[in-house]
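Visitor: Supplied in structure tokens, the structure appears directly below.
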There are 2 protein chains.
Amino acid sequence: MPELRKDPIIGRWVIIATERARRPDQFAGTQDSPPEKPCPFCEGHEDQTPPEIYALRPKSTAKNSPGWDLRVVPSISPFLMIEGDLDRRGKGLYDLMNGVGAHEIIIETDEHVDNISDLSEEQITKVISCYIDRINDLEKDKRFKYVLVFKNHGWAAGAGRLKHTRSQLIATPINPKRVKEELVGARNYYDYHERCIFCDMIKQELDTKSRVILDIDGFVAVAPFASRFPFETWILPKKHSSDFTKMDLNSRTMLARILKMTLAKLKKGLNDPPYNFVIHTTPFKRQKLGYWRSIDNDYHWHIEIMPRLTRVAGFEWGTGFYICPLPPENAAEFLRGVQV
Amino acid sequence: MPELRKDPIIGRWVIIATERARRPDQFAGTQDSPPEKPCPFCEGHEDQTPPEIYALRPKSTAKNSPGWDLRVVPSISPFLMIEGDLDRRGKGLYDLMNGVGAHEIIIETDEHVDNISDLSEEQITKVISCYIDRINDLEKDKRFKYVLVFKNHGWAAGAGRLKHTRSQLIATPINPKRVKEELVGARNYYDYHERCIFCDMIKQELDTKSRVILDIDGFVAVAPFASRFPFETWILPKKHSSDFTKMDLNSRTMLARILKMTLAKLKKGLNDPPYNFVIHTTPFKRQKLGYWRSIDNDYHWHIEIMPRLTRVAGFEWGTGFYICPLPPENAAEFLRGVQV
């Protein structure tokens, strides 16, 4: 069973992933590419993944057989395990709990396509609906407080060697530090201004224009003012909403459009760079948190896209400061100019 | 002039490094190795660096001439600029200031040696004394609140292509988020227990033994309980001290010994892996901070060594959680067994 361990000084939780553990001597030497295997995510290879949790497929087809549009399967090397209780406990001054959670792979298409931006808007809409369905399903499990949906594209961004477009989700029994920091920051702003900080940011960005990459169909893609990475891009709904899962079908289609266009600009303009994206939405509302009172007014869901074109070094790890070697205004100007 | 920009939601500062800025199209494509150039850090090439700020050299030798043991020069592509005022200001809801600071390169030896662990204990003692001298000198500049000393070893850890052992320091006009988090966490523990959390941790580690790598001469090297990275190692003085610069010469020699041995174990056991290390010490004591009152009792300086053997991916960036694929107990056992 993996363990969740808490740094006693700053309270940062770490997953000690025993299920994925490698032997110490396996870390020596360079990481060579394993030989290319037949892709287990392609149609016809359903027996090479764990049984599906969810699929979009005609009723005439059987589970784990061909004929699907999209499948969700458990990770074969999960960071967290679905069975068991949390069993929070101490060990001297240290805190830990069992690594309970869900870790699922969303196979976004039955075809061997590498980049989500090469899927149709219709297919990406299905992917977004799948995210929503899976979050809503996992909310029923009372052990979980948050679901992070994310994507690793390209080796430098943490993806495996298999080039078949997929996203992942991890349901966690605690609220992640980064999300808490956003909730607290947004609440403090709301307490003072009685306005959502994200809504104010969107307004200022649309007025200034210099960091706007796309402004279409109720969504905006911007290079954030304090970008950590070159070409970092956030996609936000222009209409206030704290909860990603509350999007109607029309909004999902519009989100699919701006996500496809943004990622296509990155792919075309920067020669298919490695990137991560993460969806930040409100936690499950199942307990009184310090930051709870007005969360639906305070918080604003968004997607953060982080191209991985620079290396993170000692200064960043030591300080929590990031160094971005490209002003976001220049990044936005460049991406606006890439025709897709 | 680089800019320091603050994320308005979570308050994270970012350096937008205009002096190092690349054009957007320079990020496209893969990062190929530049051709090997003659090393500007070797003795006899003093004219290939900016003029030295500090050097250990016989009085009979001239500045910026051969004959030195160790030199400190300004970075040729600094993240922050030494001239100018901070000029804190707003831009709508955003906060920024000028990127004022110091960025120095500590050339640890005149010989073309790649890894600090291959220097003599005597030479490493000189490096440690140099860190202390430079921090003390930069403390006189009233614009600075903190100096981070760090090292990037190997390409994946952010080092350049030149294999000549060196460290860096950056003096910043604000206290870094990661250091503040440690100060606040340590203060909270002290308020409750009236004991230093680091001292308690050291005691527990020495009792448990399973995460101890080295225990010699007043210092301990441990794999932290909540390690973020495989083989993460912290070196701490066993005697309480908040301030790295207060070490006497005897302690510096002992620190040189444990640092050399720890890094030699990593090099030998893991085939010279890329790593970062950072020194966390108390900030300059020049203003009333919320966490100030008892900082000399609360806080405990230490060195964090982070081998870079895994890739950081979407989940980590999205949550602030880390996933460590090797239990620290196994890492410590492995490193204890490496003979150096």
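The values are calculated or read from the model by the stated rules, or taken from the named source; none is laboratory data. A quick note: this is a predicted structure, and the numbers were derived from the prediction, not measured. Glycine gets a Cβ as well: all are built from the backbone with ideal geometry, and neighbour counts include every protein chain shown.
Visitor: Taking region B:265-278, which residues are within 19 Å of the chain's Cα centre (by Cα) and either assigned to a strand (DSSP E or B) or of a type in the set (Gly, Ala, Ser) (or both)?
Guide: B:275, B:276, B:277, B:278
Visitor: Let me ask something else. Sort out which residues of region A:100-152 are more than 30 Å from residue A:268 (Cα to Cα) and touching an Asp or Glu at 6+ places or on another chain (Cβ under 9 Å), and write them in order of number.
Guide: Answer for region A:100-152, where residues must be more than 30 Å from residue A:268 (Cα to Cα) and touching an Asp or Glu at 6+ places or on another chain (Cβ under 9 Å): A:100, A:102, A:134, A:138, A:143, A:147.
Visitor: Given the structure, is residue B:219 crowded, with 17+ Cβ neighbours inside 10 Å and more than 7 Å from chain A (Cβ to nearest Cβ)?
Guide: yes
Visitor: Considering region B:174-192 alone, what residues qualify as being part of a helix (DSSP H, G or I) and either hydroxyl-bearing (Ser, Thr, Tyr) or within 9 Å of another protein chain (Cβ to nearest Cβ) (or both)?
Guide: B:177, B:178, B:179, B:180, B:181, B:182, B:184, B:185, B:186, B:189, B:190, B:192 - these are the residues of region B:174-192 that are part of a helix (DSSP H, G or I) and either hydroxyl-bearing (Ser, Thr, Tyr) or within 9 Å of another protein chain (Cβ to nearest Cβ) (or both).
Visitor: If you don't mind, another one. If you scan region A:54-85, which residues turn out to be under 24 Å from residue A:125 (Cβ atoms) and among the aromatic types (Phe, Trp, Tyr)?
Guide: A:54, A:68 - these are the residues of region A:54-85 that are under 24 Å from residue A:125 (Cβ atoms) and among the aromatic types (Phe, Trp, Tyr).
Visitor: Pull up region A:26-47, narrow it to residues that are facing chain B (nearest Cβ under 7 Å) and out of contact with any strand residue (DSSP E or B) (no Cβ under 9 Å at 6 or more places or on another chain), then point me to the one that is modelled with the lowest pLDDT.
Guide: A:29
Visitor: Before we move on, is residue A:161 under 21 Å from residue A:75 (Cα atoms), more than 7 Å from every other protein chain (Cβ to nearest Cβ), out of contact with any Lys or Arg (no Cβ under 6 Å at 6 or more places or on another chain) and of a type in the set (Lys, Arg)?
Guide: Against the criterion (under 21 Å from residue A:75 (Cα atoms), more than 7 Å from every other protein chain (Cβ to nearest Cβ), out of contact with any Lys or Arg (no Cβ under 6 Å at 6 or more places or on another chain) and of a type in the set (Lys, Arg)), residue A:161 qualifies.
Visitor: Continuing with the same structure: State all residues of region B:101-133 that are among the acidic types (Asp, Glu) and part of a strand (DSSP E or B); if no residue qualifies, say none.
Guide: Within region B:101-133, just B:104 meets the criteria.
Visitor: Can you tell me which residues in region B:308-340 are at the interface with chain A (Cβ under 7 Å from one of its Cβ atoms), under 18 Å from residue B:157 (Cα atoms) and either part of a helix (DSSP H, G or I) or of a type outside the set (A, V, I, L, M) (or both)?
Guide: Within region B:308-340, B:311, B:317, B:322, B:324 qualify.
Visitor: What number goes with the only condition from (1) within 9 Å of another protein chain (Cβ to nearest Cβ); (2) of a type in the set (A, V, I, L, M, F, W, C); (3) surrounded by fewer than 18 Cβ atoms within 10 Å (Cβ to Cβ) that residue A:206 does not pass?
Guide: Going through the list (1) within 9 Å of another protein chain (Cβ to nearest Cβ); (2) of a type in the set (A, V, I, L, M, F, W, C); (3) surrounded by fewer than 18 Cβ atoms within 10 Å (Cβ to Cβ), residue A:206 breaks only (1).
Visitor: So, in region A:48-97, of the ones that are hydroxyl-bearing (Ser, Thr, Tyr) and away from chain B (no Cβ under 14 Å), which residue ends up surrounded by the most Cβ atoms within 10 Å (Cβ to Cβ)?
Guide: A:49
Visitor: If residue A:179 satisfies all but one of (1) under 25 Å from residue A:310 (Cα atoms); (2) modelled with pLDDT of 95 or more; (3) hydrophobic (A, V, I, L, M, F, W, C), what's the number of the condition it fails?
Guide: (2)
Visitor: Which of the residues that make up region B:216-264 are more than 21 Å from residue B:310 (Cα to Cα) and part of a loop (DSSP other than H, G, I, E, B)?
Guide: Selection gives B:217, B:218, B:238, B:239, B:240, B:241, B:242, B:243, B:247, B:248.
Visitor: Residues in region A:115-128: is at least one within 14 Å of chain B (Cβ to nearest Cβ), in contact with a His (Cβ under 7 Å, 6 or more places away or on another chain) and among the β-branched types (Val, Ile, Thr)?
Guide: no
Visitor: Got a number for residues in region A:252-269 being closer than 11 Å to residue A:213 by Cβ and among the hydroxyl-bearing types (Ser, Thr, Tyr)?
Guide: Number of matching residues: 1.
Visitor: Quick one: would you say residue B:250 is without any contact (Cβ under 8 Å) to a residue 40 or more places away in the chain and touching a helix residue (DSSP H, G or I) at 6+ places or on another chain (Cβ under 7 Å)?
Guide: no
Visitor: Still on this structure, please answer the following. Here are A:11, A:67: which of them is modelled with pLDDT under 85 and part of a loop (DSSP other than H, G, I, E, B)?
Guide: So the residue among A:11, A:67 that is modelled with pLDDT under 85 and part of a loop (DSSP other than H, G, I, E, B) is A:11.
Visitor: Applying the selection to region B:79-100, what residues are on the phi > 0 side of the Ramachandran plot and either modelled with pLDDT of 90 or more or not in a loop (DSSP other than H, G, I, E, B) (or both)?
Guide: Hits for region B:79-100 are B:87, B:92.
Visitor: Turning to a different aspect of this structure: Can you tell me which residue among B:128, B:124, B:174, B:170 is within 17 Å of the chain's Cα centre (by Cα) and more than 29 Å from residue A:8 (Cβ to Cβ)?
Guide: The unique qualifying residue is B:124.
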